[in-house]
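The values are calculated or read from the model by the stated rules, or taken from the named source; none is laboratory data. Nothing here was measured: the structure is a model prediction, and the numbers come from that model. Neighbour counts are summed over all protein chains in view; Cβ atoms, including those assigned to glycine, are modelled from backbone coordinates with ideal geometry.
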């Protein structure tokens, strides 16, 4: 159960019930992560295919189980009030059938609850499974209940709900009294018995079964490549890997590579030409770009996705058609005729990125239903923001967030507010006012008229501080309705709040300019490669004879960039050191190690690396250059990052991977990200990029990835990419260089002196005349 992450919480619109940040898929149980959900579109086409009907069951039943902690709930769940509830969504893969289930619920309840009036109610898809009484003898102590789940209740998408029905007195009571509580332990376990199914061989089902959105675990999809694959074949594989990476999103994706041989089991993608079809695979006659789905030899439950062509160019056409979708994809086999790739992408127009050339509506970033909440304890409204990492926010007063919001007005003035946060950082709040009950809006400009649905509408523009804008950010809007009922006062549960989808966030006033190298920009957003979503300005340079592990790392990195952009790498170029010169006008992703990648030797003078001994690698920026840069360009050193690191290339030192960024030796202003991975260590790097706790530590100019930890180093000669308005550029240079004002003053004085001297000379000549 690896790669598990928490998802944004959701609430039941009817009762304000809290929906846990979790989901369950039967292939690998895990919780989804914030930031990458339905509001961030993936490539269209096959990704939008309908879900298949269950096929034929085959042998091999198994049990899937996960704790709430593994589902992303790493805290005790508190149910409060007279009807507090929590919901846990879970889903079932299209190629698996549930035959039974069980919930092991660990819980504790308040000693103040009255047994005759209180209980815990457990249900699946609104069908009650059990009611758990509150035994006074067990009050306040941990309890465990085993609850069976009828397989007939489980569908594709499901919701498990635990609700507290609690009362502490037989007289009138305060529905928010502190004694009304129950706690659900995050160690509670959900188990499901599943039977595999055999699906039809049908391209219309794509991306199922190779990727199933119900399965929220990490995607592991083997690729079978021809032995000695050419750069053009590897480009086709990169297109498909980036597409699956975009589909997988927060789950992360791995693409183990085998050359000419099928994997032992599971689904796989096979790239085949008439000369390179794997043995045992029933490859249909290849007369052009084609796609097909066939059963794995010896196991009809597992499928092979065949990407076929007579040559590498046709393989690329078939891969591109698969990634962007084609009307021809239907049945077990399809021939791609007359495929035209979509137009080239423009800078910063990745589908998952917030547009930076116009105000963007929140309705473009989130579903309308996710912008509505209800109840006195509503969940936070979350809007995930994937931002270009090179937004230049220096001296910016903030980005305008124009909120149009509606809410049930208060009966009387109180402390109710709409709170606005960016991540965990508070931005501001606006009061929720009482309604106009005297119908005097025609003469009173401060009155709030009621809308037909019983809410009031207001507008407010707030400035989002620029320092809060990270490449992966989350706007959080929380309605706080002050409970004002008290004892013996009924608490109406029909309060609502909503953010109108036409609310906007405007980033268009910010230029694109960033100091490089910056590995945080690469790790979080694939920058600078992702500047063009189709990777038209990107080239990958592999070792001269790449191993299967090298190719698996390359495909995994393409999946990571696809995850960031939400678009396949349709214009990616692949080569080796011999083709480096012809790719000089591109940003370069260079893979290998010091022994097998000749470019690392050729560029060592430009890389922030030195090798003082044959078995030692040192990563640092020389002291003399660091001091010179401080004097000439102003200090950019961060005190929280070390200036050097040293690796022993023997023993444990070989179990490392290094990311290093520097300016391209082939073209000023272009970037190189070097991936130095010792044999077999590429998976550690992918783990770091797909694990939030490790990802946030990838910073600076170099990052050393060891087992379970990342050490970043600040080194490398700085350079800048992007463009600033002339006046902003001048102000920026003056602010960061102590000598620049003096030099400008001297230049201005010299110019004034020259003008004065010329004027005096001309005046003297006139007098002599």
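Any idea which residue in segment 694-724 is modelled with the highest pLDDT, counting only those that are at positive phi and either touching a strand residue (DSSP E or B) at 6+ places or on another chain (Cβ under 7 Å) or crowded, with 19+ Cβ neighbours inside 10 Å (or both)?
Result: 722.
So if I check each of 120, 153, 190, which one is under 38 Å from the mean Cα position of the chain (by Cα) and surrounded by fewer than 19 Cβ atoms within 10 Å (Cβ to Cβ)?
Going through 120, 153, 190 in turn, just one is under 38 Å from the mean Cα position of the chain (by Cα) and surrounded by fewer than 19 Cβ atoms within 10 Å (Cβ to Cβ): 153.
Looking at segment 492-505 only, could you name the residues that are within 23 Å of residue 468 (Cβ to Cβ) and part of a strand (DSSP E or B)?
Listed by number, the residues that qualify are 497, 499, 504, 505.
Which residues, counting only those in segment 449-486, are crowded, with 18+ Cβ neighbours inside 10 Å and farther than 15 Å from residue 496 by Cβ?
Result: 464, 468, 469, 471, 472, 473, 475, 476.
Looking at segment 580-592 only, could you name the residues that are over 10 Å from residue 540 (Cα atoms) and either surrounded by fewer than 18 Cβ atoms within 10 Å (Cβ to Cβ) or at pLDDT 95 or above (or both)?
Across segment 580-592, the qualifying residues are 581, 582, 584, 585.
Considering segment 506-530 alone, what residues qualify as being assigned to a strand (DSSP E or B) and surrounded by fewer than 22 Cβ atoms within 10 Å (Cβ to Cβ)?
Within segment 506-530, 506, 512, 513, 514, 515 meet the criteria.
Could you tell me which numbered condition residue 390 fails, if it satisfies all but one of (1) out of contact with any strand residue (DSSP E or B) (no Cβ under 8 Å at 6 or more places or on another chain); (2) more than 16 Å from residue 498 (Cα to Cα); (3) not assigned by TED's automatic domain parsing to the domain that holds residue 288?
The number of the failed condition is (1).
Taking residue 694, is it in the same structural domain as residue 525 (by TED's automatic domain parsing) and under 20 Å from the mean Cα position of the chain (by Cα)?
yes
Which of (1) at pLDDT 95 or above; (2) assigned by TED's automatic domain parsing to the domain that holds residue 463; (3) more than 19 Å from residue 468 (Cα to Cα) is the odd one out, the single condition residue 419 does not satisfy?
Exception for residue 419: condition (3).
Quick one: which of 555, 551, 535 is part of a loop (DSSP other than H, G, I, E, B) and buried (at least 22 other Cβ atoms within 10 Å of the Cβ)?
Of the residues listed, the single one that is part of a loop (DSSP other than H, G, I, E, B) and buried (at least 22 other Cβ atoms within 10 Å of the Cβ) is 535.
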